[in-house]
Amino acid sequence: MGKLLFILFFVAAPVFAGDELHLYNWNNYIAPETVDRFEAYCKCRVVQDYYSDNEELLAKLAAGAKGYDILVPTGNALASLIRQGALLPLDRKLVPNLKNINPAYLDTAFDPGNRYSAPYAYTTTLIGYNVEKMKQLGLPTDTWAVIFDPKYLARVKGRVTVLDSQRELMAAALKYLGYSANDTDEAHWYSAEKLILRAKPYWAAFNASSYIKELTVGNIWLVHGYSNDMFQARMDARAAKRKFTIGFSLPKEGAVLALDNMVIHKYAPRPDLAHKFINFMLDGKNSSELTNMLGSGNPNLAALKYVDPEIASNPAIFPGKESKLEMLQDLDMEKRRVLNRLWIKIKIE
Amino acid sequence: MPKRLLAASGIAAYLFLYLPLVIVVAYSFNDSRLNAEWVGFTWRWYKALFEDDAMLKAAGNSLFIALTASFAATVLGTMAGYALHRYRLRLLPVLIMAPLAIPEILVGVSLLIFFVAVNLTLGLLSITLSHIAFCIGFVAIVVRSRLAGMDESLPEAARDLGASPWQAFRLVTFPLIAPGILAGALLAFTLSIDDFVITFFTAGVGASTLPLQIYSMIKIAVTPEVNAVSTLLMLLTLFLIVIASRISPDSVRGK
Amino acid sequence: MTRNIGKWLISGPPVFYLAVFFVIPTFIMVLASFRHAGEFGGLAPIFLHDVRGAHLNLTLESYREYFSDFIYSRLFIKTLIYALVTTFFCLVTAYPLALLIAGSEKRHRDLLVLLVILPFWSNFLIRIYAWMIILGPQSALSVGLNGFLGMFGIEPVGLLFTPFAVVLCLIYVQLPFMVLPLYANLEKHDPALLDAAQDLGANSWQRFWRITFPLSLPGVYAGIALVFIPVLGIFAVPDILGGTGGIMIGNLIKQEFLEARDWPFGSALSIILTLGALCIVGVAAMVAGRTVKNDA
């Protein structure tokens, strides 16, 4: 028995063979084909871990997580990581493809001069819906009102989900009320809370990820979520030959734009591979794959010519200048506590 | 209680216990990625499972952790069980039972803070150390109950015949309680391989385990692959229970 | 003398291990609840440049936060109610089952008990996931139920993402913990007592309430403790099956550590939960002890 145990032990012991790149990314945010091609290119293995919220990423790192090479934080989380000194500066010589990026997405307030980060892709937070149902119920699809106003919600009761994210839901409510998504005036927060509490009885769940499936299956008809997820739901529904289509559009009140950036963690075991990966992903062709497969917005000018025209012409994926988009900024500890308390109040009922 | 009512409610309770599991297994053969309605029979989710690198790695991690943790917990838990049975140490039962008696989340949270405080990178090691901690008590209980059922006069007789305490233990007590130890080891193994809560808090980079993988699949992208991995896990546990019941029938009776 | 050495040699290693990996972490958690949160999360300056300096400056802030707003106590009370309802239904479901097993032929008993334990050996998350399928809007159960309600002109109801789904699943995952202690107790009852009662003219209900149930109280109390306490800390069930109002105190603790990056408050919540659970169990044990003694 003892011998058997020993043999099993060695068979089961994780094998660390060859080069590995540890990628800590949003779930569903890289095309498997791209990973395969990068693995072939660098002769290494890509090991992925996922998060579904920036807060989750920050919390894991605060808990001392080490061993990741690449992280893909959104602007506000990026700023926080930089202030913590958690990142390695980029070696520009190793990422020449950074020149492909649209200057509009470089030198943001979160990382002036792009010392640490290279833009990866962007998404917007918007409303996605079952096109046929919305028509049938006569609901508008260009306003947050459809998520927050009981007048509309009464028609889709129990068929709506909103994001399980303090910041995103608050931002949507603030936008609907006509404030900035980054408004930190507590009085405005309280009116947003009131709005949310009034709408909540009509929502089925707070959901950060499985709404893609729920939309595709037809259990849920209206969701507050990320543009790339909506895109995936649309593709899945099409592939499954569902009798309905999934649509998504930016509300006229404005919405959150999240620019996700590739950065290298301070404790990255393989900064060399990490630079290789970043440069690889900044290549026009590779970057376009992300957009074509996942429907994410693309800040890469060299990629645009490879992007499927159907996607390139979708204003919810490539928004025009008039769409009142905002990037979220990080909150300090005190504000976080206030928001946290608000959040519990929202969730407890 | 009237006999018929009793039988009816008993059968209903069994149905309640098994229906969900039957459904999980059945849907692992469903030929639909969305898994909402029954489409047709397929093996493809099992095939997908064996091509899923992340899942295989998680399974490897789980197995590694469970083997290591159950081995260490069996050694320590047997000592603890023996001490519980043999010596009157006032605080020992409290120390051994407490981790089992408080909600798991508290053990997970306190270990997380502890590992960060001592600057131990979260990963396979931290998970394994945590698993050992909560498995010791379970092994100790199983071993103690085996000791309690043992005839005390046997090791004493061995001592009277000139055996040293160590010889008496090795040649008499140990063979007698071996089935209990093995049962404890199997219990520790299954607890470790199934643990979610404590692992959730103490896991770090690249140290995903099967339950963590299942959790993220349930939360993120549910395909029948989850059902397939669940079915295989159930078969594994069933297999272990059959072994345990062969070796030591008492161990599977929940005593 | 040798006996003493043996004692320490044998109990030493497990005691040492549990001291390091259970007692010390618990103390560190208690301490953490009195500390300030780091600027970017966490506590210690090991990873962070704490602006307040490296020394430990203790505070009651986290406890003040808990008591400053009734919302936290409400969540705690809500969790207690969920746990109580779960425990009650576990008892009601488990009792007939345990009675049935204890009353069946000896050679069948082991198998019947094994059948209760088997589902418990399958992964915890898988059992939650199973309910996700069963309660989904397009499942046979939902469709059938809504068809039935529709006949009476009642609006369709959703089953998934409701408190009902959470409690049902909690009952499901905890049921074996109620059946086993009940069975262990009921199995030992002397059938002669029931025969005697029957001879004296007691009907089956009377025999149950006057004899079987009172004698089984120790098993009932053990089952209640085994079901009630773990439920208090559960977060995965409401996480997966709970809808917009499904959170329990476990979710909040998880959120403090894994989202809000407020460890001191998360620790304080954990400690309040532990103390609360201990108080309840302590009081229950006293009451139970008295009842059992009186009945004996």
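The figures follow:
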{"item": "Candidate lysines for bridging to B:K47, where Cα separation is under 26 Å - those fewer than 8 sequence places away on the same chain excluded", "result": "A:K43, A:K213, A:K241, B:K57, B:K219"}
{"item": "Cα-Cα separations in the protein assembly as shown greater than 40 Å, expressed as whole percent", "result": "42"}
{"item": "For segment B:6-90: span of alpha carbons on each principal axis (Å, largest first)", "result": "62, 48, 16"}
{"item": "Candidate aspartates and glutamates for bridging to C:K78, where Cα separation is under 20 Å - those fewer than 8 sequence places away on the same chain excluded", "result": "A:E349, B:E104, C:E65, C:D69, C:D239, C:E256"}
{"item": "20 °C / 1.002 mPa s Stokes-Einstein diffusion coefficient of chain A, Kirkwood radius on C-alpha pairs, µm²/s", "result": "101"}
{"item": "Net length gained if the chain between C:E155 and C:L217 were fully extended (0.36 nm per residue, minus Cα distance)", "result": "18.0 nm"}
{"item": "At R0 = 45 Å, FRET efficiency that the Cβ-Cβ distance of B:L125 and A:K252 yields, to 0.05", "result": "0.30"}
{"item": "Size-normalised alpha-carbon gyration radius of segment B:1-42, reference 2.2 N^0.38 Å", "result": "1.73"}
{"item": "Projected-area mean, segment C:70-261, by convex hull of Cα positions, square nanometres", "result": "14.8"}
{"item": "Chain C: calculated mean residue ellipticity at 222 nm from DSSP helix runs of at least 4, using -39500 (n - 2.57)", "result": "-24000 deg cm²/dmol"}
{"item": "Whole-Å semi-axes of the ellipsoid equivalent to segment B:49-253 (Cα gyration tensor, √5λ, descending)", "result": "35, 20, 13"}
{"item": "Contour minus Cα-Cα distance for C:L193 and C:V20 (0.36 nm per residue)", "result": "57.2 nm"}
{"item": "Distance histogram for segment A:29-144 (every C-alpha pair counted, 10 angstrom bins, percent rounded to whole numbers)", "result": "10, 32, 33, 16, 9, 1"}
{"item": "Ranked C:E65, C:E187, criterion: other C-beta atoms within 10 Å, fewest first", "result": "C:E187, C:E65"}
{"item": "Highest-fluctuation residue, C:Q206, C:Q174, C:Q255 considered, GNM on chain C with Cα pairs under 10 Å", "result": "C:Q206"}
{"item": "Structure-based [θ]222 nm, chain A - -39500 (n - 2.57) summed over DSSP H runs of at least 4, per residue, nearest 500", "result": "-12000 deg cm²/dmol"}
{"item": "Long pairs among A:K266/A:K345; A:K151/A:K175; A:K60/A:K151, criterion Cα-Cα beyond 29 Å", "result": "A:K266/A:K345; A:K60/A:K151"}
{"item": "Kirkwood Rh, Cα atoms: Rg over Rh of segment A:251-311", "result": "1.08"}
{"item": "Longest DSSP-loop-exposure-free segment, trypsin sites (Lys or Arg not before Pro), chain C, at most 14 other Cβ within 10 Å", "result": "C:53-187"}
{"item": "Compactness relative to 2.2 N^0.38 Å, alpha carbon Rg of segment A:55-111", "result": "1.25"}
{"item": "FRET E, pair A:R92, A:Q329, Förster distance 25 Å, beta-carbon r, rounded to 0.05", "result": "0.45"}
{"item": "Two-decimal Rg to Rh for segment B:1-144 - Kirkwood Rh, Cα set", "result": "1.12"}
{"item": "Simple label model, 7 Å out from Cα along Cβ direction - C:R107 to C:F164, nm", "result": "4.5"}
{"item": "Packing-based exposure ordering (other Cβ within 10 Å, fewest first) of C:D262, B:D195, C:D199, A:D308", "result": "C:D199, A:D308, C:D262, B:D195"}
{"item": "For B:F50, B:F200, B:F71, order by how many other beta-carbon atoms lie within 10 Å, fewest first", "result": "B:F50, B:F71, B:F200"}
{"item": "Top of B:A66, B:A188, B:A98 by mean-square fluctuation, Gaussian network on chain B, Cα under 10 Å", "result": "B:A98"}
{"item": "Between segment B:25-70 and segment C:199-277, the Cα center-to-center distance that results, in Å", "result": "31"}
{"item": "Most fluctuating residue given options B:A48, B:A157, B:A12, as computed from a GNM of chain B linking Cα atoms under 10 Å", "result": "B:A12"}
{"item": "B:Q167-A:A154 pseudo-label distance in nm [points 7 Å out on the Cα-to-Cβ vector]", "result": "9.1"}
{"item": "Helix-only [θ]222 nm of chain B, DSSP H runs n ≥ 4, -39500 (n - 2.57) each, per residue, nearest 500", "result": "-24500 deg cm²/dmol"}
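Each value in this text was obtained by applying a stated rule to the coordinates, not by laboratory testing. Nothing here was measured: the structure is a model prediction, and the numbers come from that model. Glycine gets a Cβ as well: all are built from the backbone with ideal geometry, and neighbour counts include every protein chain shown.
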